[in-house]
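Undergrad: This structure is in structure tokens; I'll ask about it shortly.
The values are calculated or read from the model by the stated rules, or taken from the named source; none is laboratory data. This is a predicted model, so every value here is computed, not measured. Here the Cβ is made from the backbone with ideal geometry for all residues, glycine too, and neighbour counts use every protein chain on show. Protein only, heavy atoms only, side chains kept; ligands, DNA and RNA dropped before computing areas. Shrake-Rupley method; radii C 1.70, N 1.55, O 1.52, S 1.80 Å.
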Amino acid sequence: MVSQVSEAVLDVIADALVDKGYILLSDIIPDYISLALLEKMQAEQNIKFKEAAIGRGVEQQINTDIRSDKISWLDNQDHTDREYLSIMNQLKDGLNRRLFMGLFDFESHYAVYEPGAFYKKHVDALHGSQNRILSTVFFLNPDWQECDGGELVIYDEFDQPLDVVSPKIGTLVLFLSERFPHEVRQTFKTRNSIAGWFRVSNANHGF
Ligand code: OGA
Ligand code: MN
């Protein structure tokens, strides 16, 4: 079954990206997909996940003072991953039609933050080719409580917190990659998410 994103929802997202540069959505991914993603993630957590690095190419390094999550990249050959990637593909086409963003491809990874893990304030856009234009974070945590921590904090250009997002299952956050520093506050419970980036194919080409 292929889940469809409506034109009306695409309109709302496009308007929000123009007006404020980010949006939180709570019912764009059907529950059966979120639950399948969570189940797959939990089944693979001890097998496939590796310490996350920062930077790219030769500059890539593991720095657990900055981030301490473990990640595993989504794979278009996997049928569960493909359901999620298909929705992201509809976002890509819908936003390109409305905003001429020139989004070219999408890369994403599952991330598990074990108790105590965090990701300090950073900006997702990487210099060089295939730059990240639009960031996505999808949360997979049922029954998340305030005392569990692990909030995603989105900052404005003056480094003031704009939004503090609880990583509850079903919440999808979209934000322009170059504009919003953000962090994952220390979590006190195992925290599961999928982070992804729409990229352009040429570094001179932006939004
Ligand atoms: C990232 C990131 C946030 C999250 O991987 O760049 O900001 O909540 N992730 O997983
Ligand atoms: Mn990030």
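Undergrad: Could you look through segment 165-183, keep only residues that are part of a strand (DSSP E or B) and either more than 12 Å from ligand 1 (Cβ to nearest atom) or modelled with pLDDT under 95 (or both), and pick out the one that is nearest to residue 29 (Cα to Cα)?
TA: This residue is 174.
Undergrad: Sticking with this one: Before we move on, is residue 79 closer than 19 Å to residue 42 by Cβ and more than 18 Å from the chain's Cα centre (by Cα)?
TA: Answer is yes for this residue.
Undergrad: Among (1) within 14 Å of ligand 2 (Cβ to nearest atom); (2) open to solvent by 20 Å² or more (accessible area, probe 1.4 Å); (3) within 20 Å of residue 73 (Cα to Cα), which single condition is residue 120 missing?
TA: (3)
Undergrad: Taking segment 143-161 on its own, how many of its residues are within 16 Å of ligand 1 (Cβ to nearest atom), within 14 Å of residue 115 (Cα to Cα) and not in a loop (DSSP other than H, G, I, E, B)?
TA: The total comes to 2.
Undergrad: Within segment 102-111, count every residue that is of a type in the set (Phe, Trp, Tyr), open to solvent by 30 Å² or more (accessible area, probe 1.4 Å) and in a strand (DSSP E or B).
TA: Within segment 102-111, the subset of a type in the set (Phe, Trp, Tyr) is 104, 106, 110.
Within this subset, residues satisfying the condition of being open to solvent by 30 Å² or more (accessible area, probe 1.4 Å) are 104, 106.
Those left that are additionally in a strand (DSSP E or B): 106.
So the answer is 1.
Undergrad: Next question, about the same structure. Do we find that residue 75 is open to solvent by less than 40 Å² (accessible area, probe 1.4 Å) and in contact with an Asp or Glu (Cβ under 6 Å, 6 or more places away or on another chain) in this structure? Spell out how you get there, then give the answer.
TA: Details: open to solvent by less than 40 Å² (accessible area, probe 1.4 Å): no; in contact with an Asp or Glu (Cβ under 6 Å, 6 or more places away or on another chain): yes.
No: the conditions fail for residue 75.
Undergrad: Of all residues in segment 112-142, which are in a loop (DSSP other than H, G, I, E, B), within 10 Å of ligand 1 (Cβ to nearest atom) and over 24 Å from residue 170 (Cβ atoms)?
TA: The one that is in a loop (DSSP other than H, G, I, E, B), within 10 Å of ligand 1 (Cβ to nearest atom) and over 24 Å from residue 170 (Cβ atoms): 123.
Undergrad: Follow-up question, since we're still on this one. Between a first residue in segment 169-198 that is within 17 Å of residue 35 (Cβ to Cβ) and a second residue that is open to solvent by 40 Å² or more (accessible area, probe 1.4 Å), which pairs have beta carbons less than 7 Å apart while being 6 or more apart in sequence or on different chains?
TA: 169/142; 170/26; 170/27; 170/31; 171/24; 171/26; 190/114; 190/115
Undergrad: Another question, then. Quick test of your reading of the structure: residue 137 fulfils all but one of (1) out of contact with any Phe, Trp or Tyr (no Cβ under 9 Å at 6 or more places or on another chain); (2) closer than 20 Å to residue 54 by Cβ; (3) not aromatic (Phe, Trp, Tyr). Name the failing condition by number.
TA: (1)
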